Amino acid sequence: MLKSQQDEIMPQNWYNIIPDLPEPLPPPRSEGSKNSSIELLNRIIPGELLRQEFTFNRYERIPDEVREKYQMIGRPTPLLRAVNLEKLLDYRGKIFYKYEGATITGSHKINTAIPQAFYAREEGISEVVTETGAGQWGTATALASALYGLKSKVFMVRVSYDQKPMRKAVMNVYGTEVIPSPSSETDYGRSILSQNADHPGSLGIAISEAVEYALNTGSRYMLGSVMNSVITHQSIIGLETKKQLEIEGEQPDVMIGCVGGGSNFSGFVFPFVGNSNSIEMIASTAAEVPKFRDGGYKYDFIDSAGILPKLRMYSLGAGFVPDRIYAGGLRYHGAAPALSLLVKRGTIAHDEVQENEVIDALKIFSRTQGIIAAPESGHAIASALRYIKGEKNSRKTIVINVSGHGLMDLGIFSKKVG
Amino acid sequence: MGYPDDSTVLAALKTAIRNGVHKIELGYPSPDPKYDGPGIKRTHLGNPASIDSDYPEIFSELREHGISYYALLYYSDVCADLDYSLRRLKELGFKGLILPDLLIDYFSESKQIITHIQGQSLEFVPFFTQATPDAVIREVSRKTRSWIYYGLQPSTGIIVPLDFKSVGRRVGELLAGRNVVYGFGIRGTRDVELLRNMGAYGAAVGSAFVEHLRSGDMGSIAELLKEMGGAASA
Ligand SMILES: Cc1ncc(COP(=O)(O)O)c(C=O)c1O
């Protein structure tokens with residue numbers, strides 16, 4: 001893409017929804033009366049990120065160095081009309097999709113990994129650490145830390161580690177050390193292993209291990225999702241989409257995305273929330289992890305060990321261990337507080353989709369639009385297909401966020417190719 | 001109230017009054033001090049003080065010196081019988097009250113509750129934080145005429161990075177002409193100096209004050225207040 005086109009579409013600022021929410025966002029809570037786990041964040045994440053976490057500033061300037069890297073990794077990402085899908089479904093409205101899979105690492109996760117690594121480097125930090133489930137976040141962290149010359153370490157949920165050797169290989173090529181979690185590298189990992197040496201791991205456990213490692217080594221923890229600051233960075237998805245639709249002369253009627261911790265979905269829809277009450281927004285989750293349907297809206301821990309503060313969110317419980325992993329990125333027990341608040345108020349609707357339906361949707365999308373989307377993104381596509389089935393005669397403009405490609409997740413088709 | 005014990009509280013209040021404090025916020029303990037940091041949390045735990053008790057010495061000391069005093073309570077602790085609590089606060093001579101959890105946990109009912117409190121001739125002191133949306137700040141402040149409490153940090157007594165200048169801009173824009181008292185995480189003269197530059201009406205010193213209360217050392221309380229008074233007339 002020409003630089004002038006990039007400049008027109010890519011925003012100068014990220015957008016933070018907090019000052020525009022319809023009611024105050026409940027603050028994080030720290031348990032106990034000894035130390036504050038909120039204050040502890042000073043030792044876990046870069047200071048600038050922590051400032052962004054609690055800011056009321058509606059706009060945060062994207063540093064020039066970060067914008068440059070955004071261009072390098074493929075931003076702005078394309079917004080495309082799914083003409084073949086419209087034909088197949090005989091749909092009279094329009095279907096667009098924002099394709100975050102077009103970034104170098106293959107998902108939206110790089111949008112926040114870059115600024116987080118940048119702030120860490122600016123503050124003189126030499127190493128970053130994080131967790132990964134499906135591997136998308138670990139890959140994004142691996143590349144971002146390589147770009148800023150930082151050492152990096154990734155605790156990878158053990159089932160994914162065993163089932164996705166290619167993901168691990170990608171992270172290794174970027175220079176990252178990948179460790180299966182639970183591991184014997186941390187007190188928390190050792191305590192889990194002592195109870196069950198074959199523990200499959202979970203995102204909550206891997207987060208706790210990464211945070212413990214950061215606290216013990218003076219490295220900084222990279223936040224993959226859930227937190228306000230991450231969603232602010234991910235607003236680039238929605239801001240670009242807004243501009244791209246504007247250029248096309250289109251207005252969305254329906255926006256659909258998938259939810260793990262809530263970062264791609266929130267980044268996609270939040271820039272549209274304030275402007276219009278008439279856009280239907282649908283958050284699609286895995287029926288196996290039905291946080292909005294079956295989870296309570298309550299204070300719960302971000303991580304399993306409870307090192308990090310509690311957040312008010314929809315949660316299935318910080319100890320939640322899902323038993324299957326066809327969409328590792330949607331397995332998190334909770335969802336971002338601002339997103340949870342808007343779901344609670346009914347501003348954002350939710351939908352739950354099962355594995356079979358997701359696999360069918362991925363096949364339909366790949367055979368019409370050519371893209372093999374990530375299993376996580378397959379939920380958004382499946383929810384869109386469901387929606388369209390019920391709206392055959394409408395002329396609504398539907399925009400789907402396809403958060404990543406699925407070229408590293410082809411294993412999910414192996415049982416059911418057809 | 002009640003921390004570390006009644007006589008220390010009385011002595012501290014006397015010291016505060018001698019050192020030019022204008023307004024006093026008296027916090028009552030809660031069984032669930034949900035939005036407080038560790039320092040203030042400790043003052044709540046196992047503390048039997050409540051609005052049921054009269055504390056004649058404390059209140060007559062405050063009244064004698066013409067100090068306006070305000071109660072800080074969690075709404076979740078008083079909502080079961082709000083009218084009783086409001087009546088008691090009036091009897092005890094409180095000028096108004098601060099309910100830090102009202103807009104967060106009871107947002108949908110908050111307008112009615114505020115009107116009800118004002119109807120009992122108590123001042124409702126709005127409590128805003130960094131996470132209070134702009135529209136809520138505008139609307140709630142318009143409903144009230146009292147001073148305003150603005151919490152700078154995500155909970156009491158803790159420090160995360162904060163851009164004082166942008167807070168000043170925000171408050172200047174949303175709360176022009178209002179008396180804003182800043183609290184949470186204010187520790188020393190440097191903070192008070194920054195607040196004064198922002199046009200603050202006052203600074204609420206909680207955790208730092210409580211640390212001195214715990215030690216019971218009135219000399220250090222006087223010093224803290226003198227230092228701060230030198231930076232702002234809070
Ligand atoms: C491609 C993809 N989409 C979606 C998600 C879910 O995360 P979030 O809800 O934070 O966007 C993930 C998480 O790993 C992912 O890899």
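Suppose we filter A:Ala206, A:Ala214 for residues that are open to solvent by less than 10 Å² (accessible area, probe 1.4 Å) and away from the ligand (no atom under 15 Å from the Cβ); which single one remains? Show your work before the answer.
Values: A:Ala206 fails: away from the ligand (no atom under 15 Å from the Cβ).
Checking each option against the conditions leaves just A:Ala214.
Among the residues of region B:18-51, those that are aliphatic (A, V, I, L, M) and either in contact with a strand residue (DSSP E or B) (Cβ under 8 Å, 6 or more places away or on another chain) or surrounded by 20 or more Cβ atoms within 10 Å (Cβ to Cβ) (or both) comprise B:Ile24, B:Leu26, B:Ile40, B:Ile51. Looking only at residues of region A:390-406 that are open to solvent by less than 20 Å² (accessible area, probe 1.4 Å) and not in a loop (DSSP other than H, G, I, E, B), we find that the one that is nearest to the ligand (Cβ to nearest atom) is A:Gly404. Restricting the first member to region B:188-204 and to residues that are closer than 17 Å to B:Leu225 by Cβ and free of Cβ contacts under 8 Å to residues at least 40 places away in the same chain, and the second to residues that are open to solvent by 50 Å² or more (accessible area, probe 1.4 Å) and basic (Lys, Arg), the beta-carbon pairs closer than 9 Å and six or more apart or on different chains are B:Ala203/B:Arg196.
The criterion of at least 1 residues that are more than 12 Å from the ligand (Cβ to nearest atom), within 14 Å of another protein chain (Cβ to nearest Cβ) and open to solvent by less than 40 Å² (accessible area, probe 1.4 Å) is met by the following helices (runs of 4 or more DSSP H) wholly inside region A:92-172: A:110-122.
Counting only helices (runs of 4 or more DSSP H) that sit completely within region B:1-65, those holding 1 or more residues that are aromatic (Phe, Trp, Tyr), on the phi < 0 side of the Ramachandran plot and free of Cβ contacts under 8 Å to residues at least 60 places away in the same chain correspond to B:56-64.
Picking from A:Ile179, A:Ile192, which residue would you name as being farther than 25 Å from A:His233 by Cβ, assigned to a helix (DSSP H, G or I) and β-branched (Val, Ile, Thr)?
Details: A:Ile179 fails: assigned to a helix (DSSP H, G or I).
Testing whether each residue is farther than 25 Å from A:His233 by Cβ, assigned to a helix (DSSP H, G or I) and β-branched (Val, Ile, Thr) leaves just A:Ile192.
If the condition is being within 14 Å of chain A (Cβ to nearest Cβ), out of contact with any strand residue (DSSP E or B) (no Cβ under 9 Å at 6 or more places or on another chain) and assigned to a helix (DSSP H, G or I), then region B:106-152 contributes B:Phe107, B:Ser108, B:Glu109, B:Ser110, B:Lys111, B:Asp134, B:Ala135, B:Arg138, B:Glu139. Residues in region B:162-189 that are in a loop (DSSP other than H, G, I, E, B), within 14 Å of chain A (Cβ to nearest Cβ) and at pLDDT 95 or above: B:Leu175 only. State whether the residues of region A:231-249 include one that is surrounded by fewer than 24 Cβ atoms within 10 Å (Cβ to Cβ), closer than 17 Å to A:Ile381 by Cα, more than 8 Å from the ligand (Cβ to nearest atom) and at pLDDT 95 or above. Looking through region A:231-249, none of the residues is surrounded by fewer than 24 Cβ atoms within 10 Å (Cβ to Cβ), closer than 17 Å to A:Ile381 by Cα, more than 8 Å from the ligand (Cβ to nearest atom) and at pLDDT 95 or above.
It is to be established whether one or more residues within region B:2-12 are open to solvent by less than 10 Å² (accessible area, probe 1.4 Å), hydrophobic (A, V, I, L, M, F, W, C) and at pLDDT below 95. So far as region B:2-12 goes, yes, one or more of its residues are open to solvent by less than 10 Å² (accessible area, probe 1.4 Å), hydrophobic (A, V, I, L, M, F, W, C) and at pLDDT below 95.
The values are calculated or read from the model by the stated rules, or taken from the named source; none is laboratory data. None of these values were measured; they are calculated from a predicted model. A quick note on method: Cβ atoms are made from the backbone with ideal geometry, for glycine too, and the neighbour counts reach across all protein chains shown. Calculation scope for accessible area: heavy atoms of the full protein, side chains included, ligands and nucleic acids excluded. Shrake-Rupley method; radii C 1.70, N 1.55, O 1.52, S 1.80 Å.
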